[in-house]
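To keep things clear, I will list the structure first and then write my remarks on it.
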Amino acid sequence: MIPEIGHLALILALAMALAQGLFPLIGAHRGIPSWVAMAKPAAQAHLLFMLVAYGCLTYAFLVHDFSVAYVAHNSNTQLPTLYLISGVWGAHEGSLLFWALTLALWTGAVTFFSRSVPQVMVARVVGVMGLVSVGFLLFMLLTSNPFDRLFNPPAEGRDLNPLLQDPGLAIHPPMLYMGYVGFSVAFAFAIAAMLGGRLDAAWARWSRPWTSVAWVFLTLGIVLGSWWAYYELGWGGWWFWDPVENASFMPWIVGTALMHSLAVTEKRGAFKAWTVLLAIFAFSLSLLGTFLVRSGVLTSVHAFATDPARGVFILLFLGVVVGGSLLLYSWRAAQIKSSVKFQLVSRETGLLLNNVILVVTACSVLLGTLYPLMIDALGGGKISVGPPYFNSVFIPLTVPLALLVGVGALLRWKSDDAAALAVRLLPHLLISVVAGFGLPLIFAPSFSWGAVLGVFLATWVLFTTLQWLRERAGAGRGLWQALRSTPRGGWGMVFGHLGIAVFVLGVALTSIYSTEKDLRLEPGENYSLGGYDFLFEGVDVTQGPNFTANRGRVVISRDGAHVATLHPEKRVYAVQRMPMTEAGIDAGLFRDLFVALGEPLGEEGAWAVRIYHKPFVRWIWLGGLFMSLGGLLAASDRRYFKLARKARLTADQAAAGATA
């Protein structure tokens with residue numbers, strides 16, 4: 001009975017999404033207030049039915065209803081409750097339901113928190129998001145229904161993919177989906193502005209906080225995914241340029257450009273075309289990621305192994321979204337042009353270069369991700385494009401970007417004095433050069449030009465960001481007063497840029513100075529790496545809730561002093577019999593000690609053991625957290641809400657005057 005209720009709720013959600021998509025858009029176009037007013041109740045009813053559907057599928061997992069095919073294929077009675085709940089989004093059909101629910105949640109949030117936005121604008125935004133929901137709900141009901149029944153239910157389920165039976169993977173997908181789908185709000189605002197012919201600074205102001213929040217979720221999702229891959233897959237890496245990793249990274253890059261472009265459109269009325277196109281492409285890349293994950297064209301630990309025919313539907317939907325958006329853009333091209341002028345040395349120029357570099361970077365990642373698929377589709381065989389390509393393209397593009405980060409915030413709007421700017425920047429350039437050469441020479445085990453570049457860029461971003469705070473303390477204000485008066489948007493920029501500095505330093509130092517060793521160790525044998533002694537004491541067999549594990553014991557010491565005892569595991573899950581590695585990690589701010597257990601070797605208790613010494617690896621994720629905090633502060637800036645209310649009041653007064 002519960003699955004039938006869930007299926008019916010999906011059908012009713014589709015009906016509400018159609019009403020949400022059609023009536024408000026037609027009403028706004030023809031000036032029918034009653035149809036415009038339908039936007040909010042239709043969107044909220046759509047959300048209610050999606051919550052019911054999702055609740056029904058969750059209930060089916062919790063009660064082990066194996067008559068539901070999706071439940072039977074992705075859980076069993078031994079699965080812990082946490083993974084019964086996260087199993088709802090653990091495979092194709094359920095993740096698509098979660099995608100549609102997330103879109104309904106974002107739409108509902110727009111109806112609740114956009115009271116200061118004119119009603120017609122909200123109606124258009126909600127209408128666009130409703131049409132997007134229609135596409136996904138049709139896809140789900142026609143090709144990927146999570147409530148499909150089995151005529152002969154099994155007594156036991158197949159189990160959830162062991163890779164997903166991890167707390168990190170219980171949090172990572174919701175964060176990622178909130179980011180993916182959140183870009184639909186900026187997309188909908190851009191489409192609504194073009195439909196209404198009002199491409200002024202107001203729509204950028206209204207959509208900017210939504211874009212920042214979506215970007216924060218996507219950043220956290222990527223950080224969690226990187227952290228999970230580091231400790232779960234057993235190879236000690238934090239990023240491998242996997243195609244599905246790239247599928248989340250590309251909209252993040254374009255979303256970063258969008259946030260900066262929205263700032264220019266809001267403050268100066270410039271970059272209108274850039275902002276509209278970036279809003280379209282950020283969401284389009286999110287849809288492309290959905291296609292790559294669910295089409296079956298990729299082999300990845302992150303991808304869902306599904307029927308490629310399903311990918312055709314998403315590809316067609318992607319074509320409709322991108323094609324329709326670009327047609328609308330071409331129709332409104334004359335109104336989208338910006339007439340604002342600015343000098344070569346200005347903040348606008350810095351942000352324009354920022355946009356160009358970020359878009360080129362996203363295109364290079366897109367090319368490396370899709371090129372093997374295109375070659376395979378054309379009959380050229382299977383090839384792979386791996387880290388060598390991405391590193392050789394990505395790093396040269398990000399170096400000037402990091403330099404721009406330091407300069408951009410110190411530039412003035414419209415025009416600035418190049419000589420005066422050089423004087424302000426020269427001390428920080430000298431400090432960065434000294435730090436870039438000095439710190440690796442003094443503290444590093446060996447000299448590396450890569451370390452020099454990484455430390456130089458991190459120091460440059462750090463000191464130029466602090467210079468921005470220092471300049472706010474000028475003009476007769478004390479430092480404490482300047483800090484207190486800095487708006488949240490300013491603090492968002494500070495923490496975002498500090499996050500870049502921390503991230504760059506972490507990437508550079510851990511990539512260059514990490515050491516690893518694959519060993520054959522018998523109980524009692526010892527190996528030294530990175531100044532630490534690793535003593536292998538053997539392996540015991542332990543029993544988990546739904547797995548059996550070989551649990552190692554490795555004692556780490558330094559200069560005779562005990563540092564940590566690690567317990568790496570090799571697990572075999574009861575149903576799928578898939579071996580999984582659980583690394584033992586002693587985490588620290590300045591270094592991680594990482595031990596992964598391989599396979600047994602011989603009859604003397606010997607095992608294959610991989611050990612790592614990874615300096616500054618935590619700074620990578622710490623930088624991501626700083627960036628996320630910066631985005632959150634920027635999204636919560638009170639200025640947006642005050643200006644939005646003022647814009648609503650002005651619009652209402654204008655409407656009242658027109659009526660009179």
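The values are calculated or read from the model by the stated rules, or taken from the named source; none is laboratory data. None of the values given here were measured: they were computed from a predicted structure. Every residue, glycine as well, gets a Cβ built from its backbone with ideal geometry; the counts of neighbours run over all protein chains shown. Areas reflect the complete protein model, heavy atoms only, side chains present, ligands, DNA and RNA absent. Shrake-Rupley method; radii C 1.70, N 1.55, O 1.52, S 1.80 Å.
Let's test the formula: R0 of 56 Å, r as the Cβ-Cβ distance of residue 553 and residue 375. What FRET efficiency results, to the nearest 0.05? Step by step, r from the Cβ atoms, then E = 0.75.
Using only the alpha-carbon atoms of the chain as identical scatterers, what base-10 log of I(q)/I(0) does the Debye formula give at q = 0.05, 0.07, 0.09, 0.10 Å⁻¹? Those come out to -0.26, -0.52, -0.85, -1.03, one per q. In this structure the chain gives 42 Å² per residue of accessible area when probed at 1.4 Å with all protein chains present. DSSP H helices in the chain with Cα extent of 18 Å or more along the helix axis and mean Kyte-Doolittle hydropathy at least 1.0? Span-like helices in the chain: 2-30, 39-62, 92-113, 119-143, 167-196, 272-294, 308-331, 347-377, 387-408, 418-443, 488-513, 618-635.
In terms of Cα atoms, the Rg and Dmax of the stretch 1-165 work out to 17.7, 58 Å. For the stretch 1-165, the relative contact order is 36 percent, taking Cα pairs closer than 8 Å that sit 6 or more residues apart in sequence and dividing their mean separation by the residue count. When the surface is traced with a 1.4 Å probe over the full set of protein chains, residue 428 keeps roughly 20 Å² accessible. Each Cα pair under 8 Å and six or more residues apart adds its sequence gap; the mean of these over the residue count of the chain is a relative contact order of 12 percent. Net charge dipole, the stretch 515-616: roughly 340 debye, given to the nearest 20, about the Cα centre with Cβ charges of +1 for Lys and Arg and -1 for Asp and Glu.
Across the protein chains, with a 1.4 Å probe defining accessible surface, the residues 329, 513, 573 rank 329, 513, 573 from largest area downward. A simple spin-label model places the labels of residue 113 and residue 1 3.8 nm from each other, with each point 7 Å out along Cα-to-Cβ.
For the pair residue 471 and residue 608, the difference between a 0.36 nm per residue extended length and the Cα-Cα distance amounts to 43.7 nm.
A simple charge model with +1 on the Cβ of Lys and Arg, -1 on the Cβ of Asp and Glu and nothing else charged puts the dipole of the stretch 1-165 at about 720 debye relative to its Cα centre. As a rough guide to protection, the peptides 163-169, 270-276, 337-343, 587-593 ranked by mean Cβ packing within 10 Å, highest first, stand as 270-276, 163-169, 587-593, 337-343. One chain, two ends: residue 78 and residue 535. Fully extended at 0.36 nm per residue, the span grows by 161.0 nm beyond their Cα-Cα distance. Rounded, prolate or oblate: which fits the stretch 515-616, taking a ≥ b ≥ c as square roots of the Cα gyration tensor eigenvalues, rounded meaning a/c under 1.5, else prolate when a/b beats b/c? Judged from the Cα gyration tensor, the stretch 515-616 comes out prolate (a/c at least 1.5, a/b above b/c).
Note on residue 339 and residue 525: their simple-model spin labels are 7.8 nm apart, each label 7 Å out from Cα toward Cβ. Sorted on the mean count of surrounding Cβ atoms within 10 Å across their residues, most packed first, peptides 391-401, 278-288, 21-31, 221-231 read 278-288, 221-231, 21-31, 391-401. At a Förster distance of 56 Å, what's the computed FRET efficiency of residue 599 paired with residue 434, Cβ-Cβ distance as r, to 0.05? Result of the calculation: an efficiency of 0.70. When both the stretch 175-210 and the stretch 88-152 are represented by their alpha-carbon centers, they are found 17 Å apart. When peptides 232-241, 317-326 are ranked by their average number of other Cβ atoms within 10 Å per residue, the highest-first order is 232-241, 317-326. Each of 385, 179, 139 was scored by the projection of its Cα onto the charge dipole of the chain, and the greatest displacement toward the positive side belongs to 179; charges sit on the C-beta of Lys, Arg, Asp and Glu. Compared with the alpha-carbon gap, the fully stretched path from residue 576 to residue 138 is longer by 154.5 nm at 0.36 nm per residue. What shape does the stretch 94-229 take by its C-alpha gyration tensor, where a ≥ b ≥ c are the square roots of the eigenvalues and a/c under 1.5 counts as rounded, a/b above b/c as prolate, and the rest as oblate? Verdict is oblate for the stretch 94-229. Positive-end ranking of 26, 287, 69 along the dipole of the chain, with charges on Cβ about the Cα centre, is headed by 26. Taken about its Cα centre, the chain carries a charge dipole of about 3540 debye when Lys and Arg each add +1 at the Cβ and Asp and Glu each add -1 at the Cβ. What's the carbon and sulfur percent of the chain's accessible surface, probe 1.4 angstrom, rounded to a whole number? Reported share for carbon and sulfur atoms: 67 percent. For the stretch 47-72 and the stretch 580-628, what is the separation of their Cα centres, given in Å? After rounding, the separation between the Cα centres reads 37 Å.
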